[in-house]
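J.: Structure incoming, see below.
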Protein chains: 2
Amino acid sequence: MDLHRLRDFGRTDPGVVRPSFSDVDMAAREWLRSRFADAGLEAAVDGVGNVFGRSPNPGPALVLGSHSDTQPRGGWLDGALGVVYALEVARALAEDPVTRHLAVDVVAWIDEEGTYTSCLGSRSFVGDLPDQVLAHTNDHGETATDAIARVGLTGVDRARLDPQRHVGYLEAHIEQGPYLEEAGERIGVVTSIVGIRSTRVDFVGEQNHAGTTPMNRRRDAGVAMFEFAVRLRERFSGIAGPTTVWTIGQAELQPGAASIIPGGATAHVQYRDPDDGRLEAMDVALAEVSASVAADTGVGVTAARERDPIPPCHMDPGFQEHLSAAAEARATGAWRRMPSAAGHDPMIVSHHLPCAMVFIPSIGGISHDFAEDSHEGDIALGCSVLADAAASILGG
Amino acid sequence: MDLHRLRDFGRTDPGVVRPSFSDVDMAAREWLRSRFADAGLEAAVDGVGNVFGRSPNPGPALVLGSHSDTQPRGGWLDGALGVVYALEVARALAEDPVTRHLAVDVVAWIDEEGTYTSCLGSRSFVGDLPDQVLAHTNDHGETATDAIARVGLTGVDRARLDPQRHVGYLEAHIEQGPYLEEAGERIGVVTSIVGIRSTRVDFVGEQNHAGTTPMNRRRDAGVAMFEFAVRLRERFSGIAGPTTVWTIGQAELQPGAASIIPGGATAHVQYRDPDDGRLEAMDVALAEVSASVAADTGVGVTAARERDPIPPCHMDPGFQEHLSAAAEARATGAWRRMPSAAGHDPMIVSHHLPCAMVFIPSIGGISHDFAEDSHEGDIALGCSVLADAAASILGG
């Protein structure tokens, strides 16, 4: 089966190491191109590394796919599942006399995982790929432009969204979370992809001798940061909806020595929610907590947006109905509508084309880890649901 | 004046960079040796780098001094003040017909600041310098043994405490804290040097995706560390005496990425107090806070001693009386008894010989910094108090 063959590119057992533009990534893309062609698609690796297989049928066409690059230490299904589903659906529809006239274009996006810049392939597809994005580098300092040149794609045509032909984009993915498995459900119809806000909070106190400086004379930036983190947790808990998450994943004390009172500290706060209004309320709460900690500790506290906020993006309601009908037919009662807590290429594409996503359960909710896996029965079921929905959207 | 001349060795204006065994440190030691000899002392740089000047008078003798090495970015008075005071006192007593029979030996210890190992010189003097201590390295990986060889002191005699001759050790030092200046006082008679305990607290949670892992399924090691820090502060505040201090100067999250829930975290807690019983109570409180945070967060919390605790050490009560009488005579009502919140060579020497220390005010409480300074009037006053006390202890 193609899904298992694709796993061989960068295979580490049980994980996969296939970061974008690596030798194994490009070998996998050449293999995917040949598989797309074998399925009767007009297939090419495009000028940014996307593998695009165009149906010979006239439109209206759906684009189906996902990304085939992985995390630095990734699982075997993240991205790969959706690419192979898309190819299977294109094949299945072409083989059935009832649906063989339908147009399904298949894509394997490049660099969704952001080895250089996240969603590079879909950004190119929608025509939103400015030079400064191509100038982003990987951990070794190579720019995306240089990577494209290194793999011999400079000047090659780039696949582009065709408004005359394309009517929507569908992507299947593993859930990467525990909700479906915990509820004993097998299909998730995605309602939206959560928005993400990242705020850097800097604390400026007074560095001093940890022995000779009395407690009441200190302005300890670390004390302020610890207090901030605990108060923020309390405030955010009061605002949170059922799927809100927030994390302080990075925090530092300066200068960071046992005998020195920290003169500086930095905390990086990230919060995600499907509702932009709730994210806005969390911004306000964070500012209020910053001000109260500054007032109570005498330490300067400044909060600043760390990078551009990613707004929540909503899946097309009509497409959701098609996916829900297919899910109910194939897994009666054992599916749900749910937001996606992780980012995906539809964050980019949905601003240009109606999108929808379907999830299958992740065992133990594990992803971005070698141990990522799903049950074979769920893998087969998800592909059938996607095929049914694609056919029904295209009126087959 | 010798104090200003000593400042020239490693001078940076206003600070001094004269770490132990550096070229400027050894040049300063050779200069000190010649100054000790000029004052009529039998002077030598000993086998670990101490400059020791023995009075030609028979005992009983007091040892007076301090260290002449500095912090990597040090002030001009830390250590130097006590060395030059000792030389001045030896000179003054020798010039006065009433006191010229008294025996004052003068010392400039090496490496009190721990460029290699703290209090190296005084450890050698009391005969407590095992090979593993000499194997400690500086930041460039050179051992103390290799440094001694590099400066040509291998095999040279080491000055040693002589129980038949030495009856006590006196050291003057800048306060390095704000208490005297804030109270408008000019002399501190040190009662004890605070004990120091250092505890490393490790938090073991579960690393996971910061988007797809629901809040109620997380075991976030960072959340546990922040909670621990805030609760510990509350508990320690309830135990603290007037001079208790505690600091979390170092703290890390692992792996330390914005989109990853920390699977691990480490906090380094240091606490100081003149009362060993209070330090013991803080140990107990820390263990209780660790257990409560573990119970409330599901994160594993283990606390372990980071290095050997330094017990509080007490200055000789009789010597304190001599210093107090001298302080009252020279600065009526403008002096106090106080603990030292920083470590000094008497921590080593007091286990073998009665010790006492006298402080003068630090401007702004600043030390271990280029900006360290004291008023000229206080510098002169402190030297007179030390001379009076030395003469009175020796019965002059």
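The values are calculated or read from the model by the stated rules, or taken from the named source; none is laboratory data. None of these values were measured; they are calculated from a predicted model. Counting neighbours? That spans all protein chains shown, and the Cβs are built from the backbone with ideal geometry, glycine included.
J.: Whether any residue in region B:281-298 is of a type in the set (A, V, I, L, M, F, W, C), within 19 Å of B:Arg217 (Cβ to Cβ), out of contact with any helix residue (DSSP H, G or I) (no Cβ under 8 Å at 6 or more places or on another chain) and without any contact (Cβ under 8 Å) to a residue 12 or more places away in the chain is what I want to check.
T.: Narrowing region B:281-298 to residues of a type in the set (A, V, I, L, M, F, W, C): B:281-282, B:284-287, B:289, B:291, B:293-295.
Subset that is within 19 Å of B:Arg217 (Cβ to Cβ): B:293-295.
So of that shortlist, the ones also out of contact with any helix residue (DSSP H, G or I) (no Cβ under 8 Å at 6 or more places or on another chain) come out as B:295.
In the following step, the residues that additionally are without any contact (Cβ under 8 Å) to a residue 12 or more places away in the chain were identified as B:295.
Within region B:281-298, one or more residues are of a type in the set (A, V, I, L, M, F, W, C), within 19 Å of B:Arg217 (Cβ to Cβ), out of contact with any helix residue (DSSP H, G or I) (no Cβ under 8 Å at 6 or more places or on another chain) and without any contact (Cβ under 8 Å) to a residue 12 or more places away in the chain.
J.: Something else: Does B:Asp146 qualify as being acidic (Asp, Glu) and in contact with an Asp or Glu (Cβ under 7 Å, 6 or more places away or on another chain)?
T.: Values: acidic (Asp, Glu): yes; in contact with an Asp or Glu (Cβ under 7 Å, 6 or more places away or on another chain): no.
The answer is no for B:Asp146.
J.: A further question on this structure: Checking B:Ile187 against (1) free of Cβ contacts under 8 Å to residues at least 60 places away in the same chain; (2) under 24 Å from A:Thr212 (Cα atoms): exactly one of these is not met. Which one?
T.: (1)
J.: Further question on the same structure: For the condition outside the structural domain of B:Gln176 (by TED's automatic domain parsing), within 30 Å of B:Thr191 (Cβ to Cβ) and within 20 Å of the chain's Cα centre (by Cα), what is the one hit in B:Asp273, B:Asp283? Spell out how you get there, then give the answer.
T.: Values: B:Asp283 fails: within 20 Å of the chain's Cα centre (by Cα).
Being outside the structural domain of B:Gln176 (by TED's automatic domain parsing), within 30 Å of B:Thr191 (Cβ to Cβ) and within 20 Å of the chain's Cα centre (by Cα) holds for just one of B:Asp273, B:Asp283, which is B:Asp273.
J.: If you don't mind, another one. Within region B:299-307, is there a residue that is at negative phi, out of contact with any helix residue (DSSP H, G or I) (no Cβ under 6 Å at 6 or more places or on another chain), in a loop (DSSP other than H, G, I, E, B) and of a type in the set (Asp, Glu)? Please lay out each step first, then the result.
T.: Start the filter on region B:299-307 by keeping residues that are at negative phi, which leaves B:299-307.
Checking which are out of contact with any helix residue (DSSP H, G or I) (no Cβ under 6 Å at 6 or more places or on another chain) leaves us with B:300, B:302, B:304-307.
The next check asks that each one be in a loop (DSSP other than H, G, I, E, B); those that pass are B:306-307.
Cutting the leftovers down to of a type in the set (Asp, Glu) gives us B:306.
Taking every residue of region B:299-307 in turn, at least one turns out to be at negative phi, out of contact with any helix residue (DSSP H, G or I) (no Cβ under 6 Å at 6 or more places or on another chain), in a loop (DSSP other than H, G, I, E, B) and of a type in the set (Asp, Glu).
J.: Take the residues of region A:138-167 that are modelled with pLDDT of 95 or more and among the polar types (S, T, N, Q): which is farthest from A:Ser68 (Cα to Cα)?
T.: Of everything passing the filter in region A:138-167, A:Gln164 is farthest from A:Ser68 (Cα to Cα).
J.: Please indicate, with yes or no, whether at least one residue in region A:151-174 is in contact with a strand residue (DSSP E or B) (Cβ under 6 Å, 6 or more places away or on another chain), in contact (Cβ under 8 Å) with a residue 24 or more places away in the chain, surrounded by fewer than 20 Cβ atoms within 10 Å (Cβ to Cβ) and assigned by TED's automatic domain parsing to the domain that holds A:Leu386.
T.: Yes: region A:151-174 contains one or more residues that are in contact with a strand residue (DSSP E or B) (Cβ under 6 Å, 6 or more places away or on another chain), in contact (Cβ under 8 Å) with a residue 24 or more places away in the chain, surrounded by fewer than 20 Cβ atoms within 10 Å (Cβ to Cβ) and assigned by TED's automatic domain parsing to the domain that holds A:Leu386.
J.: To continue, here is another question. Would you please name the residue that is farthest from the other protein chains (Cβ to nearest Cβ), looking only at residues in region B:143-171 that are part of a strand (DSSP E or B) and touching a helix residue (DSSP H, G or I) at 6+ places or on another chain (Cβ under 7 Å)? Don't jump to the end; show me each part of the working.
T.: Step one: of region B:143-171, the residues part of a strand (DSSP E or B) are B:143, B:166-171.
If we keep only those that are touching a helix residue (DSSP H, G or I) at 6+ places or on another chain (Cβ under 7 Å) as well, we get B:143, B:168-171.
Details: B:Thr143: 22, B:Gly168: 25, B:Tyr169: 21, B:Leu170: 21, B:Glu171: 16 Å.
Filtering first and then ranking leaves B:Gly168.
J.: Next up: For B:Ile360, are the conditions met, namely being crowded, with 24+ Cβ neighbours inside 10 Å and under 11 Å from B:Arg186 (Cα atoms)? Full working, then the answer.
T.: Values: crowded, with 24+ Cβ neighbours inside 10 Å: yes; under 11 Å from B:Arg186 (Cα atoms): yes.
So B:Ile360 fits the description; yes.
J.: Go through A:Gly343, A:Gly365 for me and flag whichever is in contact (Cβ under 8 Å) with a residue 12 or more places away in the chain, in the same structural domain as A:Trp109 (by TED's automatic domain parsing) and either touching a Phe, Trp or Tyr at 6+ places or on another chain (Cβ under 6 Å) or at positive phi (or both).
T.: Only one candidate passes the filter, namely A:Gly365.
J.: On to the next question. Could you give every pair whose Cβ atoms fall below 7 Å, whose first residue belongs to region A:227-249 and is assigned by TED's automatic domain parsing to the domain that holds A:Tyr271 and touching a residue at least 24 places away in the same chain (Cβ under 8 Å), and whose second residue is charged (D, E, K, R) and assigned to a helix (DSSP H, G or I), counting only separations of at least 6 or pairs across chains?
T.: Pairs found: A:Ile239/A:Arg278; A:Gly241/A:Arg278; A:Thr244/A:Arg278.
J.: Next question. Which residue, of B:Pro214, B:Pro242, is at negative phi, more than 8 Å from chain A (Cβ to nearest Cβ) and surrounded by fewer than 18 Cβ atoms within 10 Å (Cβ to Cβ)? Before you say what the answer is, go through the steps one by one.
T.: Numbers: B:Pro214 fails: more than 8 Å from chain A (Cβ to nearest Cβ).
One residue alone meets the criteria, B:Pro242.
J.: Sticking with this structure for a sec: Would you be able to say whether some residue in region B:328-349 is under 16 Å from the mean Cα position of the chain (by Cα) and polar (S, T, N, Q)?
T.: Narrowing region B:328-349 to residues under 16 Å from the mean Cα position of the chain (by Cα): B:338-349.
Retained after the next criterion (residues that are polar (S, T, N, Q)): B:340.
There is at least one residue in region B:328-349 that is under 16 Å from the mean Cα position of the chain (by Cα) and polar (S, T, N, Q).
J.: Sticking with this structure for a sec: Out of the residues in region A:176-211 that are of a type in the set (Gly, Ala, Ser), crowded, with 21+ Cβ neighbours inside 10 Å and facing another protein chain (nearest Cβ under 9 Å), which is farthest from B:Gly177 (Cα to Cα)?
T.: My answer is A:Gly177.
J.: Just name the residue that is farthest from the other protein chains (Cβ to nearest Cβ) out of those in region B:255-300 that are among the polar types (S, T, N, Q) and surrounded by fewer than 18 Cβ atoms within 10 Å (Cβ to Cβ). Don't jump to the end; show me each part of the working.
T.: At the first step, the residues of region B:255-300 found to be among the polar types (S, T, N, Q) are B:259, B:266, B:270, B:290, B:292, B:297.
Okay, now just the ones that are also surrounded by fewer than 18 Cβ atoms within 10 Å (Cβ to Cβ), so B:266, B:292.
On the way: B:Thr266: 11, B:Ser292: 14 Å.
It comes out as B:Ser292.
J.: Would you be able to tell me the number of residues in region B:310-360 that are assigned to a helix (DSSP H, G or I) and charged (D, E, K, R)?
T.: Final tally of qualifying residues: 3.
J.: Tell me whether region A:222-232 contains one or more residues that are at the interface with chain B (Cβ under 9 Å from one of its Cβ atoms), of a type in the set (Val, Ile, Thr), under 20 Å from B:Gly211 (Cα atoms) and crowded, with 24+ Cβ neighbours inside 10 Å.
T.: The answer is no, given that none of the residues of region A:222-232 is at the interface with chain B (Cβ under 9 Å from one of its Cβ atoms), of a type in the set (Val, Ile, Thr), under 20 Å from B:Gly211 (Cα atoms) and crowded, with 24+ Cβ neighbours inside 10 Å.
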